[in-house]
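Heads up: the structure comes next, in structure tokens.
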Amino acid sequence: MKLLPENQAILGDDRFPASSYAKEPKRKRDKMRQIIAKPLTSDAFAPFGDVLDATGDFRLINAGLCQRHHDRARLDFGAEGRAGISIFQAQPRALPYEFDLIERHPEGSQAFLPMTAAPFLVIVATGPESAPQAFLTNGAQGINLYRGTWHGVLTPLSAPGLFAVVDRIGTTPNLEEHRYSQPWTVLSPSIGS
């Protein structure tokens, strides 16, 4: 598979395969609803959830051989739910990435912890009527989405797309979906500049 230079520039390597975006006529690309992915930071992501990484304050444990970055996420499973850990294996996507579906979990938070050191794409929105935002993780970050946060589907950018997911297990419905009338296209930072 040949890689496009703009996709190689995302994080300075070739982990992001080219998509069909570059093959679209420029006239058609200009009419698409586009958002540019930004690096994932705690401040930018704060309205939607927590960034899970090994930065900031810690305490040493295990005879001083391990840094514990304590209590990094606001987990919320509701009064009738409990915490569960599931393993997701999602198919890798490519940037630019086109989507028309967002979802939310009104009964609990949802944390995604990659089981490989590979960046993934995070799409969030304040609601179906608002323009979504896109973030690129750095390969050493997970996320916790607050209860009720609108978000895109799990979007790894390389195989194997393996994640541990901590979310609510319960008997009440916990999924709402929204399809946009027109798709959005997420561009890498280098395409958008």
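Shape of segment 119-193 from its Cα gyration tensor (a ≥ b ≥ c, root eigenvalues): rounded if a/c is under 1.5, otherwise prolate when a/b > b/c, or oblate? Oblate. With a cut-off of 17 Å on the backbone N, the residues of segment 141-172 near the modelled label site 7 Å out from S42 along Cα-Cβ are 141-146. In sequence order, segment 125-133 has phi-based couplings of 8, 6, x, x, 7, 9, 5, x, 10 Hz under the Karplus curve 6.51 cos²θ - 1.76 cosθ + 1.60, θ = phi - 60°, and Gly or Pro positions carry x. The HN-Hα couplings worked out from phi for segment 55-69 by the Karplus form 6.51 cos²θ - 1.76 cosθ + 1.60 (θ = phi - 60°) are 10, x, 4, 7, 10, 7, 9, 6, 6, x, 9, 9, 8, 9, 8 Hz, whole numbers, x standing for Gly and Pro. Gain on full extension, evaluated as 0.36 nm per residue between F58 and I169 minus their Cα-Cα distance, stands at 37.0 nm.
Model label sites at R74 and E177, defined 7 Å from Cα along the beta-carbon direction, differ in position by 2.9 nm.
For L52, the residues whose modelled amide H falls within less than 5 Å of its own, excluding neighbours fewer than 5 places apart on the same chain, are G142, I143, N144.
Each reported figure results from applying straightforward, stated rules to the coordinates on display, with no laboratory input. Not measured: the values here are computed from a predicted model. Glycine gets a Cβ as well: all are built from the backbone with ideal geometry, and neighbour counts include every protein chain shown.
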